[in-house]
1. Applying the selection to segment B:98-138, what residues are assigned to a helix (DSSP H, G or I), in contact (Cβ under 8 Å) with a residue 60 or more places away in the chain and more than 27 Å from residue B:338 (Cβ to Cβ)?
2. Please indicate, with yes or no, whether at least one residue in segment B:52-60 is closer than 25 Å to residue B:26 by Cα, under 19 Å from the mean Cα position of the chain (by Cα) and crowded, with 24+ Cβ neighbours inside 10 Å.
3. Quickly run through segment B:301-327 and pick out the residues that are closer than 23 Å to residue B:73 by Cα and under 21 Å from the mean Cα position of the chain (by Cα).
4. Taking the conditions exactly as written (touching a strand residue (DSSP E or B) at 6+ places or on another chain (Cβ under 9 Å), at pLDDT 75 or above and surrounded by 13 or more Cβ atoms within 10 Å (Cβ to Cβ)), does residue A:89 satisfy them or not?
5. Any residue at all in segment B:257-280 that's closer than 21 Å to residue A:121 by Cβ and in contact (Cβ under 8 Å) with a residue 60 or more places away in the chain?
6. Step by step: first the residues of segment A:84-102, then only those that are part of a strand (DSSP E or B) and in contact (Cβ under 8 Å) with a residue 40 or more places away in the chain, then the one that is farthest from residue A:34 (Cα to Cα). Which residue is that?
7. Which one is modelled with the lowest pLDDT among residues in segment A:103-124 that are assigned to a helix (DSSP H, G or I), closer than 18 Å to residue A:56 by Cα and more than 10 Å from chain B (Cβ to nearest Cβ)?
8. Within segment B:301-338, take every residue that is touching a strand residue (DSSP E or B) at 6+ places or on another chain (Cβ under 8 Å) and free of Cβ contacts under 8 Å to residues at least 40 places away in the same chain and give me the one that is surrounded by the most Cβ atoms within 10 Å (Cβ to Cβ).
């Protein structure tokens with residue numbers, strides 16, 4: 001097969017740009033990285049990217065090398081969150097959402113740390 | 001164009017140039033090899049200016065700090081390896097800097113060393129909690145200017161300017177026997193590495209985001225890095241000259257941080273001693289702040305947590321917790337009794353091994369039109385960038401063998 005003449009559609013070229021990209025909510029709060037991308041479709045059919053996946057719980061699926069496995073073993077196994085592409089306002093080059101961080105997910109650990117820090121003078 | 005901003009940026013860069021690793025490596029380099037290790041300072045200064053300018057430009061235009069780039073460009077596994085290595089080095093360096101503060105506090109107060117370690121850790125925690133980014137950077141940068149006294153000291157020791165000038169020519173002294181040659185090469189790498197340590201770039205690029213830089217700030221970025229760092233390197237030259245004139249004739253290899261203050265005391269007496277101690281205090285204090293923040297920036301940027309000292313701590317919970325933990329670990333390391341100077345030597349040599357993974361993503365993104373548009377590197381920057389990547393890779397590959405062959409520069 002002559003691969004030189006093959007050109008990838010622009011949508012597919014965009015996907016590697018999205019992976020590992022910083023996500024920012026509508027208030028300018030950073031709220032995770034694109035840890036994976038969910039694509040629907042079957043071989044021979046049109047593939048459609050539906051969601052971006054946020055959450056370290058997904059790393060062991062995406063990368064199977066020894067470093068990732070070891071590291072994932074040490075971190076809490078949070079359930080990855082799926083964010084519909086419709087929630088993305090723009091990719092420029094951070095991914096900006098149309099919703100706030102609270103609407104997506106805040107872990108109980110983050111809430112606890114926030115509460116402790118808020119009680120220290122100057123923390124809030 | 002805001003001239004005040006540019007002026008303040010330059011002063012901050014000059015005052016913030018020196019940290020404990022420069023104080024140790026440059027003074028020892030002068031003491032052992034006289035002026036023949038001045039040229040690596042120039043190489044290091046141009047390198048840090050070049051890559052800090054690129055990192056600042058990326059922060060201003062693409063809004064991406066260094067560890068964002070590392071994860072995006074190096075990929076997940078290599079990015080994570082770099083993260084772990086960087087955190088290890090940053091914590092070690094932070095411990096060395098806090099140890100430096102503790103040593104100066106002990107000299108100024110005569111309190112027990114372990115007590116001054118605790119005070120130093122608490123001061124850094126308090127300062128980081130209370131001050132916003134701009135003030136953190138400028139307070140320590142300006143007060144670090146006390147170290148300018150080192151330039152006056154170096155002049156007053158009347159160095160032979162011809163010999164000093166010859167020291168700026170890249171050289172490997174022909175009279176050195178193999179063990180001394182390894183030691184010399186180890187110091188070449190140590191001097192370069194002490195200037196271009198990765199935490200500098202992490203802190204600088206994150207600072208650009210903290211201060212909400214835009215393309216309008218590119219001139220400030222360029223002048224602060226090139227003028228500020230290159231003037232800052234004069235302090236490193238002064239340290240080498242002081243080491244060469246005071247310690248080299250006596251055959252002494254200074255192993256203590258207070259040795260640096262000796263030259264100032266000889267020339268200017270008590271006032272000189274106080275000035276240089278204050279300069280060291282604020283220089284290593286600023287570096288302690290930079291390293292603890294650099295570690296927290298790295299982790300937060302890798303995981304995508306909200307970060308920044310422009311926010312209240314409760315708005316950036318994981319980021320805040322990270323810098324607190326880094327300072328606590330650093331203090332615990334010092335409580336184990338390890339000499340901060342020894343920690344510095346290990347941190348500097350290990351940092352050069354991780355350096356290529358820090359600088360390559362900066363080079364790639366600063367050439368990427370998708371991110372940078374018309375602000376991609378020019379031809380000269382690109383050529384120098386490639387030359388420096390080659391230098392960094394050579395240093396990274398040879399650092400550990402030279403460290404072991406020279407027994408940490410003591411042969």
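1. B:133, B:134, B:137, B:138
2. Scanning segment B:52-60 turns up at least one residue that is closer than 25 Å to residue B:26 by Cα, under 19 Å from the mean Cα position of the chain (by Cα) and crowded, with 24+ Cβ neighbours inside 10 Å.
3. B:301, B:308
4. Values: touching a strand residue (DSSP E or B) at 6+ places or on another chain (Cβ under 9 Å): yes; at pLDDT 75 or above: yes; surrounded by 13 or more Cβ atoms within 10 Å (Cβ to Cβ): yes.
The answer is yes for residue A:89.
5. no
6. It comes out as A:89.
7. A:104
8. B:304
The values are calculated or read from the model by the stated rules, or taken from the named source; none is laboratory data. Everything quoted here is computed from the prediction, not taken from an experiment. Cβ atoms come from the backbone with ideal geometry, glycine included; neighbour counts cover every protein chain shown.
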